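Presented below is the structure to which this report refers.
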Amino acid sequence: MRRLLLGLAVAVPFLLAGGVVAAPAQAATTTKLTVTWQQQKTGYYCGPAATRISLSAKRSSLPTQDQIASVEGTSSSTGTYRTGIKAGLDHWSPSWATAIVAVSHPMTSAQKSKFLSDIKGDIYAGWAPVVNIVVHPGGPRPPGWSNPSTTIDHWFTVIGYDSDNYIWVADPASKMPGFAAYPEYRIPWSTMTQIVEKTYVW
């Protein structure tokens, strides 16, 4: 019944002033993975937590953040390097054949196109890319984030996209002071391409 009603709504046009026929606006469509969110347990555990969220798209049995941090070489002084993220994903999902992609800042048009293509390809295959962002004081930032007093280098997990140019993420920093209130939220594509300054692992 729901499908039938939707079909009728699309099929029936309506009249604007002056008798001009207009079709109803088409709603945005969402393509999104189901993941298990977990808040990062320390201020520098965004890498292990983002990795765990990514793994949850394919696995029901998940390692702890401490176990992932051990494999990824996470530390309080350096956080997690991109090679560590790849090592963590490869360790628990060896069939994923992960790749590290470096981007310039600002991204070139070719890099933006590849980034979106990589996101869509991974989501279609059921994988969730782990993405590094850099948020500067006064600069663009994810929705719900406060303006930081210092530059924040952060990992989160991309879990989907909308047809109206938004990207869905699961953010391990959510619900912490100064960050988004919701574990999952969407970011405008234009903002996403500004805050991804260095790398992502897909």
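The values are calculated or read from the model by the stated rules, or taken from the named source; none is laboratory data. In this text, all values refer to a predicted model and were calculated from it rather than measured experimentally. Positions of Cβ are generated from backbone atoms using ideal geometry, with glycine treated the same way; all protein chains shown enter the neighbour counts.
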Number of the exception - S75 against (1) at negative phi; (2) touching a helix residue (DSSP H, G or I) at 6+ places or on another chain (Cβ under 7 Å): (2)
Looking for something in contact (Cβ under 8 Å) with a residue 40 or more places away in the chain and farther than 24 Å from D90 by Cβ - is there at least one such residue anywhere in the stretch 146-158? no
Taking the stretch 172-187 and keeping residues in contact with a Gly (Cβ under 9 Å, 6 or more places away or on another chain) and closer than 18 Å to F115 by Cβ leaves R186
Checking the condition out of contact with any helix residue (DSSP H, G or I) (no Cβ under 8 Å at 6 or more places or on another chain) and either crowded, with 19+ Cβ neighbours inside 10 Å or within 21 Å of K198 (Cβ to Cβ) (or both), which residue from T108, T30, T42 passes? T108
Anything in the stretch 143-184 that is within 21 Å of T42 (Cα to Cα), within 11 Å of the chain's Cα centre (by Cα) and not in a loop (DSSP other than H, G, I, E, B)? List them, or say none. W155, F156, T157, V158, V169, A170, E184
Can you tell which of P172, P183 is more than 25 Å from A27 (Cβ to Cβ) and either out of contact with any Asp or Glu (no Cβ under 8 Å at 6 or more places or on another chain) or modelled with pLDDT of 95 or more (or both)? P172
Residue among G73, G84 that alone is surrounded by fewer than 17 Cβ atoms within 10 Å (Cβ to Cβ) and touching a Gly at 6+ places or on another chain (Cβ under 7 Å): G73
Would a scan of the stretch 89-100 turn up a residue that is of a type outside the set (D, E), closer than 21 Å to A173 by Cβ and assigned to a helix (DSSP H, G or I)? yes
So is S174 crowded, with 20+ Cβ neighbours inside 10 Å, in contact with a Pro (Cβ under 7 Å, 6 or more places away or on another chain) and touching a residue at least 12 places away in the same chain (Cβ under 8 Å) or not? yes
